[in-house]
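Trainee: Before I ask anything, let me first share the structure, which is written out below as structure tokens.
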Amino acid sequence: RNLVVLGVSGSLRKQSSNTRLLSFIGGMMPAGIEFRMYQGLASLPHFSPDLDGDEAQLHGAVHEWREELRAANAIMICTPEYARGVPGSLKNALDWVVSSGEFMNMPTAVISASPHPDGGAIALQSLTLTLKMMSAAIPDEASLAVPFVSKMIGPDGSVTDTNTLSSLLNLVRALSQAIPEK
Ligand code: FNR
């Protein structure tokens, strides 16, 4: 049985450094773990409790988002910081799964990447609070802020800096080890 890690980028930008970094980390998965990228962030409607009820009436994009999360054994989120917070589109996606509970006990890695020296640490902190409220399982080593990202990654997202690489290897290991044996 193949295990699946679902990658979620908090940036909708075509040349996003976060999306590129996430693809690169996805390529570091150990044998037996498939990495998939969630592509539906921009298709989600704005969350309202009024739209969240009857499964048959649910917006198709919301249904797909929940299905992709349910099919995953672990999640990896990589996000920019916008004005000291989590980008609205990512927060909106997370608000859609507060009631449905897909993150409950879900092994989850959280990464922020920014050209600034703190690597988007405030957004990372806020994202972590949100996910913990939803009972996500975030291993200590599966949380990382990547500063100076423009210098840190190549066009394909590849990381050459040895410290960052070793933190990423630790993150991937911590996340895969957090997946329960079935
Ligand atoms: C930013 N950026 C930014 N960076 C940061 O470290 N802290 C911040 O609060 C913000 N705020 C912010 C707001 C808005 C509206 C934009 C467009 C940008 C800069 C941001 O880190 C940079 O543009 C990254 O390259 C965005 O990530 P992606 O799209 O490359 O993944």
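The values are calculated or read from the model by the stated rules, or taken from the named source; none is laboratory data. Computed from a predicted model, the values in this text were never measured in an experiment. Note that each Cβ is placed from the backbone with ideal geometry, even for glycine, and that neighbours are counted across all protein chains shown.
Trainee: Scanning the range 46-85 for residues that are within 16 Å of the ligand (Cβ to nearest atom) and surrounded by 21 or more Cβ atoms within 10 Å (Cβ to Cβ), which turns out farthest from R173 (Cα to Cα)?
Mentor: Among those residues, the one meeting the criterion is E81.
Trainee: Across the range 135-161, which residue is nearest to I111 (Cα to Cα) among those that are in a helix (DSSP H, G or I) and modelled with pLDDT of 95 or more?
Mentor: The qualifying residue nearest to I111 (Cα to Cα) is A142.
Trainee: Across the range 1-28, which residue is farthest from the ligand (Cβ to nearest atom) among those that are over 15 Å from the mean Cα position of the chain (by Cα) and farther than 19 Å from S112 by Cα?
Mentor: If we take residues in the range 1-28 being over 15 Å from the mean Cα position of the chain (by Cα) and farther than 19 Å from S112 by Cα, then R1 is farthest from the ligand (Cβ to nearest atom).
Trainee: Does the range 132-143 contain at least one residue that is surrounded by fewer than 18 Cβ atoms within 10 Å (Cβ to Cβ), touching a Lys or Arg at 6+ places or on another chain (Cβ under 6 Å) and not β-branched (V, I, T)?
Mentor: No: the range 132-143 contains no residue that is surrounded by fewer than 18 Cβ atoms within 10 Å (Cβ to Cβ), touching a Lys or Arg at 6+ places or on another chain (Cβ under 6 Å) and not β-branched (V, I, T).
Trainee: Can you work out which of the residues in the range 29-45 that are of a type outside the set (A, V, I, L, M, F, W, C) and either under 25 Å from L169 (Cβ atoms) or in contact (Cβ under 8 Å) with a residue 24 or more places away in the chain (or both) is farthest from the ligand (Cβ to nearest atom)?
Mentor: Among residues in the range 29-45 that are of a type outside the set (A, V, I, L, M, F, W, C) and either under 25 Å from L169 (Cβ atoms) or in contact (Cβ under 8 Å) with a residue 24 or more places away in the chain (or both), the one farthest from the ligand (Cβ to nearest atom) is G32.
Trainee: Moving on. Taking the condition of being away from the ligand (no atom under 12 Å from the Cβ) and among the β-branched types (V, I, T), how many residues in the range 115-135 meet it?
Mentor: The number of residues fulfilling the criteria is 2.
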